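One structure is given below, encoded as C-alpha cells.
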Amino acid sequence: MQEIIKKKSLKIEPNLKNYDEMYKKFKWGEVKDEIEWFDTKLNAAYNAVDRHVKKHGNKIALYWEGENKTEKYTFSKLSELSNKFANVLTRLGIKKGDRVFIFLPRIPALYISFLGILKTGAIAGTMFAAFGPQGIKDRLQDSGAKVLITDSELKKRVYEIRNELPKLKHLIIVGETEKEEISYEEEMKKASPEFEIEKTSPKDYAFMLYTSGTTGKPKGVVHVHQSIIQEHITAKWVLDLHEDDIYWCTADPGWVTGVAYGILGPWSNTITSVVFEGRFDAEKWYSILEKYKISVWYTAPTAIRMLMAAGDELPKKYDLSNLRHICSVGEPLNPEAIRWGMKVFNLPIHDNWWQTETGGILIANYPSIPIKLGSMGKPLPGIKAVIVNNQGNELPEGKEGNLAIKSPWPSMMCEIWKNPKKYNSYFKKNWYITGDLAFKDKDDYFWFVGRADDIIKTAGERIGPFEVESALVDHPAIVEAGVIGKPDPMRGEIVKAFVVLKKDYKPSKELEEEIKEFVKKRLAGHAYPREISFVESLPKTRSGKVVRRLLKKLILGEELGDISTLANPECIEKIKQVLQKQ
Ligand code: AMP
C-alpha cells in the first residue's frame, strides 16, 4: 500500500496551485517574462543579481557563515563586486566563449567570480574543493581553461600538474600570492565597479560542470544562459520561494545543485540566501537554521540521514519555528526520512529529481500535491516524462524501464564539451535517456529504481568507476581494479574497490589504508574507496573488460546468471571466499 501525506494543515504555501490544470495547459512561453530580456538577449548573471538593484538593492542577497567569521552582501554589493571581477577578467583578455574555472571553498569570492564570469560572456566551470591533482587536471585540460581562480591553500594541488596545462594562462589567487600569480584582492581593489554586461543570446554558453559516466574520464556538461528561466520557475514552484524567505541550499557549487539552486534560481527570485562554508556537523547545521531563521531549506538524503543519526533530542534545543518548507535531491529519499521530518519538524521532506545534464528540476513533489512516500513526484509543467524500453518505445504504467524526457526544455544541456558522440548517445527517438531506471504509477508519480549504468552515487555525489579504477592502477602495488557502488544505509552507496596486487605485494590493513590515502590525495577526497577487497583476478569478458555488474551481484548476494561466457569464470568462487572472510 502506498503511504500518502496530504499537507493541508502544514505550513506550506501551495505554489503551483492546481498542478493538474497547470500541467495540462502550460507552455514555456508563458514564463518567458519572469526574467528580464535585452530585446531578444538575456544574461543569467544580470537576471540573478543586477536586475534587482533598482528596487531591492539594499536587500541582503547573501549571508555568509564562514568557519571563523560572517559576512553579508546586498544585491547592490554583489552586482558591484561581480562587475569588478568581470573587469579583472576583461583586463586579462578573457572574451566570450573562453573557459574560466573556479576551484574554491564556499567563500564569497566563489559566488562573485561565478557571476563575474557570466557577465563577460565567458563560460564558468566549477570544481569541488575536494578534488586532487588528477581530478583538477582532467577538468582543466579537457576544457582548455585559460584562467583559474583558487586560493592560497588549494593552489598547491594545482602546482602538482601546472606544467601539464599549457592553455592555463593565469592563476588568480584569493589570499597570499607568489611570483606570477594574480592577487584577487589587489585586482578587485583596482577594478572599476562599472561593467557593460555581455548581451548573450539565450543559447550562448554560460557554465559547465564535469560529471562522471560509466566509462572514461568525466565529461563537460555545458549549459546555456536561458537555463535561468527553468531555474527561476522551479525555485518558485518546487522550492516554493517567496520574497520574505530566508533560504539555505546546502549543496556546493562544484555540483549542479549548488549552481542552479545555490546561485541562479534563488537570486533570480530576489531571495536572501545563506551559505555555510564548513562541512556537515549536526549541531552547527541546526544552529544555522536557528540563527538565520531559515524558512526554506534544500538539502540531500545523506545529510538528512546524518541528522537522524544525531538523534531526535538535538533539534529540540533549537528554535526552528521559521522553517516551513524542506526539499531534497540527489539520491533516493527513503520514506523513513520523510516520516522523521514529520516527527521533528512537523514538515514533510519534498523529494525532487533532476541531473547535471537536465540543468534544472524536472520531476518533483510540489507543495500543492500530496506526497507519496518514496516517490520522486510528478513531472514539471512543460516536461513530458515517460518510461521507455531499450528501443525507445514507451512502456505502460507500473512497468520498470528507462526514465526518459521529451527533448528539449529550457535548461537542457547544450553540449558535452567537444564530444558530440557522447552528447548524441543520450538521445533515442527524440527522447533524452536519463540513465535512471524507474516506473510511473497510475497517478503519474515517478518512482526511482536504480541506475541503468555503473555510476556510483555516494552521499549524493556522482562518481564514475573508471576514474577511481584509473587512480587505483596508478598505485605501484596494483595491477588492475574493478570499482562499484555498495549499498550503504547512511551514504546511499559507498565506493567499493576490488584490486589485484602485483606479485611482490601482499594484502594487509596497512596497504589498504595506503591505497585509500593515495586515491584521496590524487583523485578527490570524496571519491576514494571506503572498502577494498584484494582478489587474485577480476571477472572479465573474453575481450578483457572487467564485468562490474558481476562484482555488484556478488556484493549483493544476487543470482549471477550465466557466467560461462567469462574469460575466467573460476575467479568467481575465489572472490566469494574473499568476501566471506571480510
Ligand atoms: P547528478 O548529475 O550528480 O546531479 O546526479 C544525477 C543522478 O542522481 C540521477 O541520474 C539519479 O541517479 C540520482 N538522483 C537525483 N535525484 C534523485 C532522486 N530524487 N531520487 C533518486 N535518485 C536521484
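Brief remarks follow.
- Options 95, 119: the member that is surrounded by 19 or more Cβ atoms within 10 Å (Cβ to Cβ) and not assigned by TED's automatic domain parsing to the domain that holds residue 525: 119
- Of all positions in the range 509-520, at least one carries a residue that is modelled with pLDDT of 95 or more and within 23 Å of the chain's Cα centre (by Cα).
- Yes/no for residue 493 being among the acidic types (Asp, Glu), assigned by TED's automatic domain parsing to the domain that holds residue 574 and more than 16 Å from the ligand (Cβ to nearest atom): no
- Helices (runs of 4 or more DSSP H) within the range 185-284 that include 2 or more residues aliphatic (A, V, I, L, M) and within 30 Å of residue 452 (Cβ to Cβ): 227-237, 256-259
- Strands (runs of 3 or more DSSP E) contained entirely in the range 338-423, each with at least 3 residues that are within 15 Å of the ligand (Cβ to nearest atom) and farther than 16 Å from residue 238 by Cα: 401-406
- Residue list for the range 1-30, filter: touching a Gly at 6+ places or on another chain (Cβ under 8 Å) and aromatic (Phe, Trp, Tyr): 26, 28
- Across the range 290-335, the qualifying residues are those that are open to solvent by less than 10 Å² (accessible area, probe 1.4 Å) and farther than 21 Å from residue 5 by Cβ, and the one among them that is farthest from the ligand (Cβ to nearest atom) is 294.
- Listed by first and then second residue, the pairs with beta-carbon distance under 8 Å, at least 6 apart or on different chains, first residue in the range 430-442 and closer than 14 Å to residue 391 by Cα, second away from the ligand (no atom under 12 Å from the Cβ) and β-branched (Val, Ile, Thr), are 431/386; 431/388; 433/388.
- Screening residue 428 with (1) among the charged types (D, E, K, R); (2) away from the ligand (no atom under 15 Å from the Cβ); (3) under 30 Å from residue 280 (Cα atoms) gives one miss only, at (3).
- Here residue 158 clears all of (1) part of a loop (DSSP other than H, G, I, E, B); (2) open to solvent by less than 20 Å² (accessible area, probe 1.4 Å); (3) not polar (S, T, N, Q) except the condition numbered (1).
- The C-beta contact set for the range 217-246 (first residue free of Cβ contacts under 8 Å to residues at least 60 places away in the same chain and polar (S, T, N, Q), second residue open to solvent by 10 Å² or more (accessible area, probe 1.4 Å) and part of a helix (DSSP H, G or I), distance under 6 angstrom, 6+ apart or interchain) is empty.
- When the range 3-41 is filtered for residues that are under 30 Å from residue 71 (Cα atoms) and among the aliphatic types (A, V, I, L, M), the ones remaining, listed by number, are 12, 35.
- Residue within the range 541-561 that is open to solvent by 50 Å² or more (accessible area, probe 1.4 Å), among the acidic types (Asp, Glu) and in a strand (DSSP E or B) present: no
The values are calculated or read from the model by the stated rules, or taken from the named source; none is laboratory data. Computed from a predicted model, the values in this text were never measured in an experiment. Don't worry about glycine lacking a Cβ; one is built from the backbone with ideal geometry, like all the others, and counts go over all protein chains shown. What goes into the accessible areas is simple: the full protein's heavy atoms, side chains included, and nothing from ligands, DNA or RNA. Shrake-Rupley method; radii C 1.70, N 1.55, O 1.52, S 1.80 Å.
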